1. For region 69-80, name all the residues that are touching a residue at least 24 places away in the same chain (Cβ under 8 Å) and closer than 20 Å to Trp27 by Cα.
2. Residues Asn55, Asn43, Asn7: which one is at pLDDT 90 or above, out of contact with any Phe, Trp or Tyr (no Cβ under 9 Å at 6 or more places or on another chain) and of a type in the set (S, T, N, Q)?
3. Among the residues of region 42-59 satisfying the criterion of being part of a helix (DSSP H, G or I), of a type outside the set (Phe, Trp, Tyr) and in contact (Cβ under 8 Å) with a residue 12 or more places away in the chain, which is surrounded by the most Cβ atoms within 10 Å (Cβ to Cβ)?
4. Quick check on my filter: what residues within region 24-55 are more than 13 Å from the chain's Cα centre (by Cα) and among the aliphatic types (A, V, I, L, M)?
5. Can you name every residue in region 17-40 that is without any contact (Cβ under 8 Å) to a residue 24 or more places away in the chain and not aliphatic (A, V, I, L, M)?
Amino acid sequence: MITCNNNMDLSKLPPIPPLMQYVLITWSIAWKGVALWNATKNNQKNWFIVILIVNTIGILEIIYLFGFARKRLTLSDLQFWKSKS
């Protein structure tokens with residue numbers, strides 16, 4: 001028989017350093033922005049709503065962009081700093 005301990009004390013977890021918090025927030029906002037822009041451009045309203053509401057630190061956004069977007073994102077699309085010669 002499997003039992004579930006619902007009395008987990010989260011205060012015993014170590015705190016996340018401020019620099020790591022800023023990195024995670026920046027990462028999440030960047031991916032969310034690209035995914036929302038792409039969903040709007042492709043008229044995928046359901047994906048737009050889900051991405052806007054659900055916060056997964058960029059995981060859902062990356063899955064959408066590389067797997068479910070009408071025009072899937074490729075790694076070469078992310079390399080905007082390279083010259084296109």
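1. Of everything in region 69-80, those that are touching a residue at least 24 places away in the same chain (Cβ under 8 Å) and closer than 20 Å to Trp27 by Cα turn out to be Ala69, Leu73.
2. The match here is Asn43.
3. Selected residue: Ile51.
4. Selection gives Ala39, Ile49.
5. Across region 17-40, the qualifying residues are Pro17, Pro18, Gln21, Tyr22, Thr26, Gly33, Trp37, Thr40.
The values are calculated or read from the model by the stated rules, or taken from the named source; none is laboratory data. This is a predicted model, so every value here is computed, not measured. Glycine also receives a Cβ, built like all others from the backbone with ideal geometry; neighbour counts cover every protein chain displayed.
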